[in-house]
1. Need one value for B:374-382: mean number of C-beta atoms belonging to other chains within 10 Å of its residues' C-beta atoms.
2. Round to a whole angstrom and tell me the spacing of the C-alpha centers of region B:84-116 and region B:164-214.
3. Let me know the charge dipole size of region A:171-324 about its Cα centre in debye, to the nearest 20, where only the beta-carbon of Lys, Arg (+1) and Asp, Glu (-1) is charged.
4. Quick one: work out the % antiparallel among DSSP beta bridges in the protein assembly as shown, nearest 5.
5. List the residues of region B:321-364 that lose 50 Å² or more of accessible area once all protein chains are present, compared with their chain alone (1.4 Å probe, heavy atoms only, no ligands or nucleic acids).
6. Evaluate peptide A:198-207: per residue, the Cβ atoms of other protein chains within 10 Å of its Cβ; return the mean as an integer.
7. Can you list residues from other chains, or at least 5 along the same chain, whose modelled amide H is less than 5 Å from the amide H of B:M499?
8. Determine the distance separating the Cα centre of region B:314-341 from the Cα centre of region B:52-68; give it in Å without decimals.
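The values are calculated or read from the model by the stated rules, or taken from the named source; none is laboratory data. Note that the structure is predicted; figures quoted are calculated from it, not measured. In this analysis, Cβ positions are derived from the backbone assuming ideal geometry, glycine residues included, and neighbour counts consider all displayed protein chains. The protein model used for the area step is the full one, side chains on, heavy atoms only, and it has no ligands, DNA or RNA in it. Shrake-Rupley method; radii C 1.70, N 1.55, O 1.52, S 1.80 Å.
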Amino acid sequence: MTDPATLLQPSGPSRYLGVLARYGIVWVTLALFVLLAATTDGFLTGPNLRNVLDQQATLLIAASVATLTMIAGGFDVSISAVAVAAPLVALRVENATGSVALALIAGCAFGLIVGMANGSIVAFARINSFITTLATSFIVFGIGYVVSERSIMRPSSDSFRSIARTRIAELTTATWISLAVVVVAWITLAGTRFGRHVYATGGNAEAARLAGVRTRLVVVVVFALSGLAAGLAGVVAASRTISATPSDDFSFVFGVIAAIVVGGTSIAGGTGAVWRTLLGAFFIAFMVNGFNLHAIDPIWQRIIQGLVILVAVSTDAWSRARRA
Amino acid sequence: MADLQSGEPAHAERAHVELCGVSKRFGSTQAVDRADIVIRRGCIHGLVGENGAGKSTVGKVIAGVHTVDSGTVVVDGRECRFRSPRQAFSAGITTIAQELALVPDRSVVDNVFLGVESTRWGFVNRGDTRRRFEALIERSGISIDGDASVGHLSVAEQQRVEILRATARRSELIIMDEPSARLSAEERDQLHRLVRSLRYQNITILFISHFLDEVLDLADDITVMRDGRVVKNTEPSSETAGSLVEAMIGRKLEGNFPPKPPAPDPDQRTALSVRGLKPAGLTGPRPVGRTGSPAEALSPEGLDLAVLPGEIVGIAGLVGSGRTEFVRSVYGADRAVAGEVRVLGGDLGRLHPRRAIRSGMGLIPESRKEQGLMMDRSLRENVSLPHLRGVTRAGLVMRRAESDLVVETTASAQVRGGGLDTSVRLLSGGNQQKCLFARWMSPGLRVLIADEPTRGVDIGSKRSIYDLISAAARDGLAVLIVSSELEELVGLCHRVIVMREGRFAAEFSHPHLDEAQILRHAFGEEAATRRTS
């Protein structure tokens, strides 16, 4: 008989394999970075990298916060709808008052309210979060059409574009905002008591409840934050393009989920990290950037992108099965 | 076993299933240990034993749910190694489990013929299926509406549907695992008649049950199991409920307990006081989703309990007696319809885990994987979770202070085999369980409730868990333990309360703790009177 106290720890090569798999996203993102730097002239240049950062800003704002939702065991697809409707609400306020600050607040508040509604339905009516946010998505898309009277909206003054397009130390404010959101989400998840409660709720909600965690409150808060971030992302996007259009386009959330999942956060909840989402987003961004610099047909880009997501998810499932 | 097959003309003497030296191990638990059982064709074979004696595992080995580690299963003289329930099924073996396996939204007829429907060109032939159903009803004498939706039937009726389904597939052996646990007295009688009628159709029944009188009444042969071993193969004419109880308890393998903490001073203020508690899980007419929960069992005045600081109180009872429901609602994990809980005199008000923790209670739940631990999170996070408030500054968890706390508590709970950031999934069962003790080893704790504290842990860890419980009482904690292992309760507790059908049926104090007495009260009055007569 083995000593009951000894730990069943993987030894030798399998241990290194574990570390390799665990930080896989770090290695592949680095490898891709080096590869692109070596094979293309245009990649490792200030303007190109600044451009990538700027383009990723809206996705990072939404994805870093949605990481918390996913770790808590939730799935928020209403991010798309909020990102479409929030800037329409913001521009309605801007057109009426002329105030950029009020517009920004209105857009964020709109997202926050939708998120709180999502979280409350998931936590108290106990309806599956995917279905809940799918349903609220349609409502929010509808609100977008109502607010905008079904037409493209533009700001009344030019200063609206300053939200995203002011330059500070070579970088756009969109980039700075996204970095700030990433840092806040990162610290919240990794450093605070609330972050621990998020992990505990997603890891085992019943165990967390019996250990005194208010799991329903955790669920409401992560959905509220996710809505807030999606609203901010929408307003930043509208500021970059100086317009907002009503639509019922779901594609934004797919990019968000792809970044989270490629980073290695589990869709089953309980494990993951904001830095993972950051890397996941940049891995996909570098890939797309590299495709463009190598002039690869956009149709093939999609197919390859899909395959990469499949590989990421199956790696996660594989390592999970090995642990179980 | 050859003597059984040769020379005896009566078909009933032919062995249908023989287990020869069958062993089965789950992790550190030897569930079945070299079991020899002969089940004769066309007989009702009773299988009895305490919780965890290995009865259900034997059933599952025969039914192909588990493969044996060693030994052989012989069916009709041929050795069989079933790798799935499907293979056992095609050999004519069906199980009717404690949790019924029916499709609730389909009709009785659909369920009975699920997978063996009469078809014509790939379409279900309703007329023919219906004719087969009528024939089946007539043959078995079961009365049931074929069009009723199964989800709307009572447990007893659903059970009949399962029996019909087994006969529709021409099963020769039906394994019934605790079939009467959730039935009323009248329904039980109907079940017994049905089981006897199955035997007349030359169907063999393996009848696994807690109810000794039922087994004595029904069975042709009886096997008694204890600690995974077959201790007796016998027949009802030579047994009484009392003799079966004795065989079930026997002499125990491990008498390995720390000395009892000194008896608590009765003049102290009560640490935990429960008055008139009515757990919601014990009051409903038919609790959904929990096997064996008693139907309308709770007394109108509710449950009362007082535990002194330094006292260890055990709660004994069969699975489904309401033990777990009781302690969970004391802690606020499940709702209570009425009642009041006080810790050191302070009323908790509306019961809720957060309030319980704040007032100094800690619960180690029945299933550490489902209710206790976040398996993929670290030791650190699992242990510190209820105490984060104390190590947080300005919203941020102070890792240094947290580490100190976790190092201290895991050391005193003797958790071994991993650093603070090891995922608890990688720990052994015993160390996982000790993590849960470490979680509550904080100075503020007044009342520790542990539900099955040693389930699924190895013998070495068992002893250190007993030491932890004993040390907790010496430190002045009130300890409440629920356990299926009577020797554990007798070895550790100052006082043991026996629950049966949602009530406190009896109470024993040290030094008058006696396993046989406790078991008799857990099983009910009938067994007790039979033994004394």
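1. Numbers: counts 12, 6, 12, 10, 1, 0, 1, 4, 5.
Taking the mean over all residues of the peptide, I get 6.
2. If we compute the Cα centre of each part, the gap is 15 Å.
3. On the way: 11 positive and 5 negative charges, 134 e Å.
Computed charge dipole of region A:171-324: roughly 640 debye.
4. Details: 49 of 85 bridges.
Of all bridge pairs located within the protein assembly as shown, approximately 60 percent are antiparallel.
5. When all protein chains are present, B:R354 each give up 50 Å² or more of accessible surface.
6. On the way: counts 0, 6, 6, 1, 3, 9, 10, 1, 6, 14.
Partner Cβ neighbours, averaged per residue: 6.
7. Residues meeting the criterion, in which the H sits 1.01 Å from N, are B:A316, B:G317, B:A505.
8. Value for the Cα centre distance between the two parts: 30 Å.
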